[in-house]
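Please treat every number below as a calculation from the coordinates, not as lab data. Bear in mind the structure is a predicted one, so any value in this text is a computation, not a measurement. Glycine gets a Cβ as well: all are built from the backbone with ideal geometry, and neighbour counts include every protein chain shown.
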Amino acid sequence: MANNNNNLASDVCNAYKCMAIEEEEEGGLIVEGDDVDEGGETKNDFQYCLVGRFLTDKVINFSAMKNTMASLWCPGKGVYIKDLSFTLFLFQFFHEIDINRVMNSRPWIFDQHILIVKRLEENEQP
């Protein structure tokens, strides 16, 4: 029985070695649906968008922040996170429930820095 478990563990490890994330897969999470046009691009609908800035002058590790915040928020329909500058970020959600939960559960902290967010108003640009 132990030998069988070792073979199974070895098979799983070998399967993971074959997996690789390609550069094109490293972008934000986009959920297929009404918010994505035929070309696969996210529409510029800022209905469920937040603009955020961390209270620091340090440069934020965007990749780590993106993964951490998406894991903390666990939005049901996903979130797309884009860096607008070194200190300003766009968080695009795809459902009212997700954005309300993020707004009502503040404050959010990453790397010991508080995230200040503002919801975009109708027709407001980030």
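For the stretch 85-126, what class follows from the C-alpha gyration tensor (a ≥ b ≥ c being the square roots of its eigenvalues): rounded when a/c is under 1.5, otherwise prolate if a/b is larger than b/c, else oblate?
Cα axes put the stretch 85-126 in the oblate bin.
Go through 71-77, 47-53 and give me the packing order, highest mean Cβ count within 10 Å leading.
Working: 71-77: 14.0, 47-53: 19.3.
Highest mean packing first, the order is 47-53, 71-77.
Beyond 15 Å, what share of the Cα-Cα pairs of the stretch 56-126 is found? Please give it as a whole percent. Of all Cα-Cα pairs in the stretch 56-126, 54 percent lie more than 15 Å apart. Using only side-chain charges placed at the Cβ, +1 for Lys and Arg and -1 for Asp and Glu, the dipole size of the stretch 66-126 relative to its Cα centre rounds to 160 debye.
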